[in-house]
Amino acid sequence: MGRSGRPTSMAEVVPAAADRLLAEAREAVDGLLERWAARLEREIAAPDGAALAYALRSPGKRVRAALVLAAYRAAGGTSPGAAGVAAAVETVHTYSLVHDDLPCMDDDDLRRGRATTHRQFGVPAATRAGYLLVPVAARILADAAAALGLDDAVLGRMAVELFEAGGIRGMVGGQWLDLEGEGRPLELPDLLAIHRGKTGALIRAACTLGGVAAGAGPAQVAALTAFGAEIGVAFQIADDVLDATATSAQLGKSAGRDEVLAKSTSVRALGLDGARREAERRARRAVEHLAAAGLPAESLAVLAHYIVTRSS
Ligand code: GRG
């Protein structure tokens, strides 16, 4: 802190700016997700409705929402309707966490500082709730397109982007490879393919969707996609570092799971320092894509830096 009381270095500026962007994203999407939680709890019998509401109300950091909103604004968007696009992405992410925690996948008891959905409501209800979140995400996205005044062709493009990222060539495919790889040492290219699918695809889609929702041209959308692809992989590398170094209390989920599940991770492949350096290198490369397309990079650069230096 300088004598004026104002921050003087990037290391001081970025955490505060990232906190502000994440708080804005929470403010934008949490109310919308709460309305869906209340509606589903009312309309769908217990335990499924209650499990859905529990998952939707769980307090995530909302990094993906912040990326949608920052990409949207970088591409010139100004409407508060973009919050719906961000909420749709967060809903797909929430479904993935509910299923990821199931006994047939990572088998975890703690998520976002609370009992996992299946620990609270049982495996059958949590499994159904996870699946039910996918059409909920589609509906949230359709409502967002209407709020933004986007035509059906743009909605179709956004839906393909989001659900392909969530599918076999993205999140599901990456998770599948991740589960298959447990207990086997993987080469770095195979590990990076898992990162790209399991975690990177949805983060990449968040950035692309922000651009598409704002009506960005092909070169700007391509730059946002390239930015998202780099930070998506960087996010998982940072996640591997945190799994090895942070506590469960800091993470709000069980630390040290990769070791327990005998997973190949970036830390195993590159070492702790090597993994940190690789994540930071990717964050820098991500921002270069924006500059090359003439996109204002400030908020996205702040989020890229946050993603690779976060402590939870
Ligand atoms: C049918 C094989 C198959 C898969 C179903 C479960 C699943 C789809 C995919 C798993 C995807 C997954 C959970 C990847 C990990 C991504 C990750 C690092 C999540 C943590 O994200 P944060 O830190 O969490 O942003 P919060 O809680 O803050 O939202």
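Bear in mind these aren't lab numbers, they're just calculated from the coordinates by the rules spelled out. For clarity, every value in this text was computed on a predicted model and none was experimentally measured. Virtual Cβ from ideal backbone geometry, glycine too; neighbours counted across all protein chains shown.
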- request: Find out how many positive minus negative residues lie around HIS99, taking Lys and Arg as positive, Asp and Glu as negative, among other residues whose Cβ is under 13 Å from that of HIS99.
  value: -3
- line: Amide H neighbours of LEU110 at under 5 Å, excluding residues fewer than 5 places away on the same chain, with H built from the backbone geometry, are THR116, SER254
Over the chain: helical MRE at 222 nm, DSSP H runs n ≥ 4 each giving -39500 (n - 2.57), nearest 500: -24000 deg cm²/dmol
query: From the backbone phi of the range 56-71, what are the Karplus-calculated ³J(HN,Hα) couplings (6.51 cos²θ - 1.76 cosθ + 1.60, θ = phi - 60°) in whole Hz, Gly and Pro given as x?
result: 5, 7, 5, x, x, 5, 6, 5, 5, 4, 4, 5, 4, 5, 5, 5
- line: Net charge near ALA201 (other residues with Cβ under 12 Å of its Cβ; Lys, Arg +1; Asp, Glu -1) is +3
query: Quick one: which of 176-187, 193-204, 108-119 comes out on top by average Cβ neighbours within 10 Å, and what's the full order, highest first?
result: 193-204, 108-119, 176-187
statement: When all Cα-Cα pair distances of the range 29-309 are considered, the percent exceeding 24 Å is 48
message: Just to check I understand the Karplus step: with θ = phi - 60° and J = 6.51 cos²θ - 1.76 cosθ + 1.60, what whole-Hz values come out for the range 39-49, glycine and proline as x?
response: 5, 5, 5, 6, 8, 10, 4, 5, x, 5, x
- prompt: How far is it, in nm, from the label point at ARG281 to the one at ILE168 when both lie 7 Å from their Cα along the line to the Cβ?
  reply: 3.3
message: Once you keep just the Cα pairs under 8 angstrom separated by 6 or more residues, what percentage relative contact order results for the chain?
response: 20
task: State the Cα centre-to-centre distance between the range 91-124 and the range 240-287 in whole Å.
output: 20
- prompt: Using θ = phi - 60° and the Karplus curve 6.51 cos²θ - 1.76 cosθ + 1.60, what whole-Hz ³J(HN,Hα) does each residue of the range 160-166 get, with Gly and Pro shown as x?
  reply: 4, 4, 5, 7, 5, 4, x
